[in-house]
Amino acid sequence: MKNNLYIYNALNRKKEKFEPINPPFVGMYVCGPTVYGDSHLGHARPAITFDLVFRYLKHLGYKVRYVRNITDVGHLVNDADEGEDKIAKKAKLEQVEPMEIVQKYTNSYHKNMEQLNTLRPSIEPHASAHIIEQAEMAKKILENGFAYEVNGSVYFDVAKYSKKYNYGKLSGRILDDLQSNTRELEGQSEKKNPFDFALWKKAMPEHIMRWPSEWSIGFPGWHLECSVMSTKYLGDKFDIHGGGLDLQFPHHECEIAQSKAANGYDSVKYWMHNNLITLDGQKMSKSLGNFIMLDEMFSGDHELLEQAYSPQVVKFFMLQAHYRNPLDFSNKALKAAQKGLERLMNGISALDKIKPAKNSSFDVNIIKNKSYEALNDDLNTPILIAHLFDGIKKINSVIAGTETINENDLSELKALYNIMFFEILGLTNDSESSSSNGKLDDVMNLLLNLRTDAKKNKDFETSDKIRDKLNEIGITVKDKKDGFEWEIKQL
């Protein structure tokens, strides 16, 4: 069952059994951030999605090379081959070198990804370190007749490519629609068609980031970097290419066209996209003022936030939705995620308090099999989490004495939650939202031991006062023959 993984392939618009090109090796490339500002909530979802893919494939026994790029050149402000480079614009505003901007915000991105407990990729290449290879691919496409040079810039000829290959097969765009729905923009008259895209751009005098090429002093187009770096580190054909749904067109569509124009074949077997995060159904955007940085999420320092949310609450909030579904941000949903995470953590902690019986009244394998079925069904984390909650109900029933579990099944259940919760979902027990952190355990044990001493000394007034005060703040104390138990009441 564990090896029966199906994933949705955006290229073919259906779920397909995952069969890597060269098992047990798997190559996965994910489009990383353009590092010209602090990481925002939108950066978190692809990082969490493909961290899940990375973790699960490794759990299944595959040897995974996970490559995630850093875009530090060529991504222009209006994404239409005109305007300033986003990195250079930020550097001018802060009056520093562009690579200082790159380093500053790459460090910030790494910090946030570590807070979310996502694993570092195997390789994290920078676009600026692969200028020569990008120029070489542009030259190869030009030589193959699918590009043209004008005034020192090289553009991909989409119309000519479409005569031989299917431009738009990933996104479903049709060239006739592109021709009728696009207009010539000011400054783009050197293109044959407005939907053609730059492979190499001649740098204007004010452009800071520039390199020599046989056509001009300039810089590579944004789309080219991923075609180059993915195949450099994963080979001419590799298994998975991922990124946000907003990259499907034009970025990933252009990648497919570039690679096929250069080599004559598709490089990627499975295309995967996580859906977007919205606010009241609208995509989060800086221009609309509904944009939240991750540091603001964690500190609560944003007008849209009613409180701070720990990194693990944010992660759990995202995992509660399937990665291909849109996810609407709200304080209500985040607070619900916080309570849900607390409930799971409390249940997992309670496993250590259980004393096994001779027999089990329920089958642990049912929960285990259902958990793997959910993951194998295109990494369906909301269904997986639902099954984990079902398991928590069983754990609570065992504690209440209405169910029993033997020693072997208890070990199996502990192992299952360790694998699913900590290893595959990548959640941690150090969330600020978790009532099971070590310090709280220590404080509660100290307080309840004082209560036990008070009872032994027949100081029932103090004993009852401790119990009642804890109950007022939402902590229930249960006396047992061999001690006590406590839990935070779920609202």
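Laboratory data are not the source of any read-out in this text; all were calculated from the coordinates shown. All values reported here derive from a predicted model rather than from experimental measurement. Note: ideal-geometry Cβ built from the backbone for every residue, glycine included; neighbour counts use all protein chains shown.
A few remarks follow.
- Applying a threshold of 32 Å to the alpha-carbon distances of Lys104/Lys164; Lys63/Lys202; Lys89/Lys237; Lys164/Lys191; Lys315/Lys370 flags Lys104/Lys164; Lys63/Lys202; Lys89/Lys237 as lying beyond it.
- Listed values [x] 156; [y] 172; [z] 132, entry calculated as volume of the Cα convex hull per residue in Å³: [x]
- Most to least packed among 9-22, 321-334, 414-427 [average Cβ atoms within 10 Å]: 414-427, 321-334, 9-22
- A protection proxy built from the mean count of other Cβ atoms within 10 Å ranks the segments 105-111, 402-408, most packed first, as 105-111, 402-408.
- With respect to the chain, whose longest principal axis is taken over its alpha-carbon atoms, helix 131-143 is tilted by about 50°.
- The calculated 222 nm mean residue ellipticity attributable to helices in the chain amounts to -13500 deg cm²/dmol, summing -39500 (n - 2.57) over DSSP H runs of n ≥ 4 and dividing by all residues.
- When Phe316, Phe195 are sorted by how many other C-beta atoms sit within 10 angstrom of their C-beta, beginning with the fewest, the order is Phe195, Phe316.
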